[in-house]
Structures are given as C-alpha cells and as structure tokens.
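Reviewing the structure listed below.
The values are calculated or read from the model by the stated rules, or taken from the named source; none is laboratory data. Remember, it's a predicted structure, so these values are computed and weren't measured experimentally. No Cβ is skipped: glycine too gets one built from the backbone with ideal geometry, and neighbour counts run over all protein chains shown. What goes into the accessible areas is simple: the full protein's heavy atoms, side chains included, and nothing from ligands, DNA or RNA. Shrake-Rupley method; radii C 1.70, N 1.55, O 1.52, S 1.80 Å.
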Amino acid sequence: MRTRQVISASMAVLALSSLVAACGEGPGAGAAGVQSSGEGVPQYAYDATWPRLPLPNQWIFGEVGGIGVDRRGRHIWVIQRPWTVSGRELAAVEGEAECCRPAPPVIEFDAEGNVVQAWPELRQFFAGPGTSAGQGFSIGGEGQTLWEATDGPGYGEWGRREHTVYIDHDDFIWVTVDASHLIYKFTRSGEHVLTIGEPGMTSGSNHTGHLGRPAGLVVDPETNELFVADGYTNKRVIVFDGESGEYRRHWGAYGNRPEDIQLDFDPDAAPPQQFVGPVHGIDLSTDGLIYVSDRRANRIQEFERDGTFVREAFVSPETRDLGTAYGVALSKDPGQQWVFVNDGSNNKIWILRRSDMEVVGSFASYGRSGGQVMSAHSMVVDYENNVYVGETRGRRVQKFAIQGM
C-alpha cells in the first residue's frame, strides 16, 4: 500500500523546469516573441524570467485552461488541468524516476513569477483554505492523486475541464468547470462562497438557471453583475447578480434571442445571426462596453451592458475549423486603446485598435520555443500592459513584456 504523498509549501513553486528543459525553453532561449507592428502600436517581447525557473517541487502543468490578473496589482492566477499530465511525466509519483508531479489546479503567482499559494482541489462543497507559504497539502492517497479519483470525496464529484479563473474588484476568485456546467466563487484564500448552475445539468441557451459549459467571466465593479460567456454548449452571454447568483438577463449574437442550432462559419457568406461558438472569451471596458469572442466565427462582438449590439470585428476571417477568436482582453491604459485577441489556431496574439476595431498588429508564432505558442487558449493583460498567454497543447504560461505603447 502506498503512503499518502504530501507536498510541503516550501516547494510551492511551479516546477515547469522539466518541461522547459525538454523543450529548450527558459532564460536565454531567444526573443521569438518580439513583434513588428505599425507605428504607435504596442510592442512586445517574450520574457524568459517569468515564471521563476528552475523550480524545486517537480510540478509541471497539464493543459492550461485560463489566466486571471489580480485587481489590486499584478498577481497572476492560473487554472490548469492536472489530469492531462500522464505517462512518463508521472514517474516521480510512481516511484520510477525523479520527474515529475502534476501541479495543483489553481495557482497564484506574484509579479516576479513566484508562487504565492496553490489550491489542491476544487469541489462544489469545497470549504478549505488555500495553500500558502509555511503550510503543506496532500495530493493523493493509496497511490492515486486527488484529481484522478472517480468516487468518494474527490475529483469525480466536481468534474473535469478546469477552464477559467477570474479575480473581481472585491478580490473574490471565480472559477469555471465547463464540463460540469458550473461556476464557483471563492474568497482569495479558497473558501467557497457561491455556486452557480447545477452539476451536470444543461437545458439550452434560454434556461435561466442551468449553464452550458461556461467559459469566460467578467464582473462589473459598478453593478457587481457577473457576465458569462456561456459557452461551449450554449450560445449566449448570461448575466447574474455577483452576490446572490440570481439570474438577470441573457442574449445571443447581435443581441438576438439565442437559438440552439449548429452553425458552420463560411467566410464568404453573410455573418451568422447567432453565435457559432464556442462563446469563449469576455471582457468589460471601463466605459461600460462588453466584448465577447465568438471563436469559430472568427469575430469579436461589442455590446452595451444591457445586451444592445454595438459592432463586430473579424480576426483572420478566412480561418476555418477551430476559429481564431479564442479570447479577448483590453489594454489597461486610461483610454483602453487596444483590444487583444488570442488566436489558438494561427497561434498569434492579434492587436486591434479599439476606436475602429481594426487589426493593427500581432505577436508570437507557432512553436515550442520561448515566445512561440501552441494553442493560445487563454490570455490576460496586467496593469502594466504585459500580456500572459496560457496554452493547452503547449501546457505552459508565458509572459510577453510590453516594450512600448
């Protein structure tokens, strides 16, 4: 019988070192992230110093679902999928070699790339604290990591597909687990506050209580309303009260009533009047406009808070299949001049000028080297306008540092 394995918080740093060594990445790996764009457009370069490497606890990422930024500063939160780490990567857990261990699902980094805390599990009934310096936590028992459990008080009770982590203006942490159709709200230390949705229940894009594989989140600091990009199954934006979780309103593409129909995007045809989906990313400007990414339709749609359609913009519209508009994030300069779109198909970060929603630049390219990306699934912009990208296929987070704006 295997003894229960415990990771001390002195090791509470993400050990991406093994993956980095295998891929030839890390400090000094080159400046593949340097972009060339028009005059006045933000310039970016890959920052090989974030997160801090090498890291001592042998953790590695699985697929990175989402990234969030602390509303008080520049702390970056990551949500990733430990269950996608498998095979020889689990040699340390199996006792066969020193490498490697799956990182916990939710991790907070400081501005220098050091781990602040990590949450070892997420469940509907989660009520425990996070893991910070000086503490430890268990990741498994009886030879099984917590996120591999399929019955009992373990992973199977809250479902797979860790997707989004978002930090609101009051420092609450919001998490989506899209395969379970759930949104969780936690305190910063990991205490469960609220659950929206019902486990395993989805009832279409006009149901006011059930979700359909929700993805992106944003909270309006003026109204404390939660706007949800809902999602992979549903085809809408839905709004809830951020305190009580009560339903407020919802809408589809162009502000229409959403329809649950399967659409294919044809760049040569008129734009579809419903979201093609996934309705994946969402952000809110300081002047009260909602930006939503309709991934397979290669577009960003802009709305007023009440769902009134304003305009749309297309990004690399000739792209087919998985689409380009994986996510959307606004720059943090006073006028929020720039809109960033992470494109997981073409593996670029596109830059749009917000005043006219024209594409004016891009950075990154496909590949394993530092500054290249492999399925740019998620993205966030910090308060210095640095951009962080989370990759599913690449299974890492990279920082692109602002060089000028």
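Considering only the stretch 184-202, state which residues are out of contact with any Gly (no Cβ under 8 Å at 6 or more places or on another chain) and open to solvent by 10 Å² or more (accessible area, probe 1.4 Å). Thr187, His192, Val193, Met201, listed by residue number. If you go through the stretch 393-405 and keep only what is open to solvent by less than 20 Å² (accessible area, probe 1.4 Å) and touching a helix residue (DSSP H, G or I) at 6+ places or on another chain (Cβ under 9 Å), you end up with Gly394, Arg396. The number of residues in the stretch 277-291 that are farther than 17 Å from Leu352 by Cβ, open to solvent by less than 10 Å² (accessible area, probe 1.4 Å) and outside any strand (DSSP E or B) comes to 2.
Among the residues of the stretch 86-111, the ones that are touching a helix residue (DSSP H, G or I) at 6+ places or on another chain (Cβ under 9 Å) and either in contact (Cβ under 8 Å) with a residue 12 or more places away in the chain or within 13 Å of Val64 (Cβ to Cβ) (or both) come to 9 in all.
Restricting attention to the stretch 292-306, the residues that are without any contact (Cβ under 8 Å) to a residue 60 or more places away in the chain and assigned to a strand (DSSP E or B) add up to 6. Checking each residue in the stretch 331-371 for being open to solvent by 50 Å² or more (accessible area, probe 1.4 Å), part of a strand (DSSP E or B) and within 21 Å of Gly38 (Cβ to Cβ) picks out Lys348, Arg353, Glu358, Val359. In this structure, Asp382 does satisfy being among the charged types (D, E, K, R), under 18 Å from Tyr166 (Cα atoms) and modelled with pLDDT of 95 or more. Does Phe265 meet the test of being touching a residue at least 12 places away in the same chain (Cβ under 8 Å), part of a loop (DSSP other than H, G, I, E, B) and open to solvent by 20 Å² or more (accessible area, probe 1.4 Å)? Yes.
The single condition from (1) within 15 Å of Tyr44 (Cα to Cα); (2) out of contact with any helix residue (DSSP H, G or I) (no Cβ under 9 Å at 6 or more places or on another chain); (3) small (Gly, Ala, Ser) that Ser355 fails is (1).
Okay, residues lined up against (1) modelled with pLDDT of 90 or more; (2) polar (S, T, N, Q); (3) within 19 Å of Phe186 (Cβ to Cβ):
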position: Ile67; (1), (2), (3): yes, no, yes
position: Ser86; (1), (2), (3): no, yes, no
position: Glu94; (1), (2), (3): no, no, no
position: Gly113; (1), (2), (3): yes, no, no
position: Ala118; (1), (2), (3): yes, no, yes
position: Thr131; (1), (2), (3): no, yes, yes
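Taking the stretch 218-260 only, how many residues are in contact (Cβ under 8 Å) with a residue 40 or more places away in the chain, assigned to a strand (DSSP E or B) and open to solvent by 10 Å² or more (accessible area, probe 1.4 Å)? Here the count works out to 3. Quick check on Ile282: is it within 21 Å of Pro221 (Cα to Cα), among the β-branched types (Val, Ile, Thr) and in contact (Cβ under 8 Å) with a residue 60 or more places away in the chain? In short, yes.
Among the residues of the stretch 86-117, what is the count of those that are assigned to a loop (DSSP other than H, G, I, E, B), hydrophobic (A, V, I, L, M, F, W, C) and closer than 26 Å to Leu217 by Cα?
The number of residues fulfilling the criteria is 2.
Name every residue in the stretch 348-405 that is of a type in the set (D, E, K, R) and within 20 Å of Ile76 (Cα to Cα), in order of residue number. Quick ask: steps written out before the conclusion?
First, the residues of the stretch 348-405 that are of a type in the set (D, E, K, R): 348, 353-354, 356, 358, 368, 382, 384, 391, 393, 395-396, 399.
Scanning the stretch 348-405 gives Asp382, Glu384, Glu391, Arg395, Arg396, Lys399.
Being aromatic (Phe, Trp, Tyr), closer than 25 Å to Met374 by Cβ and surrounded by 23 or more Cβ atoms within 10 Å (Cβ to Cβ) holds for only one residue in Trp59, Trp83, and it is Trp59. The selection criterion, being among the polar types (S, T, N, Q), modelled with pLDDT under 95, open to solvent by 10 Å² or more (accessible area, probe 1.4 Å) and outside any helix (DSSP H, G or I), does not hold for Gln274.
For the stretch 372-405, the set of residues classified as hydroxyl-bearing (Ser, Thr, Tyr) and assigned to a loop (DSSP other than H, G, I, E, B) consists of Ser375, Tyr383, Thr392, listed by residue number.
Residue count for the stretch 182-217, restricted to those that are without any contact (Cβ under 8 Å) to a residue 24 or more places away in the chain and among the aliphatic types (A, V, I, L, M): 2.
With respect to the conditions (1) part of a strand (DSSP E or B); (2) surrounded by fewer than 24 Cβ atoms within 10 Å (Cβ to Cβ); (3) of a type in the set (A, V, I, L, M), Leu322 falls short on a single one, namely (1).
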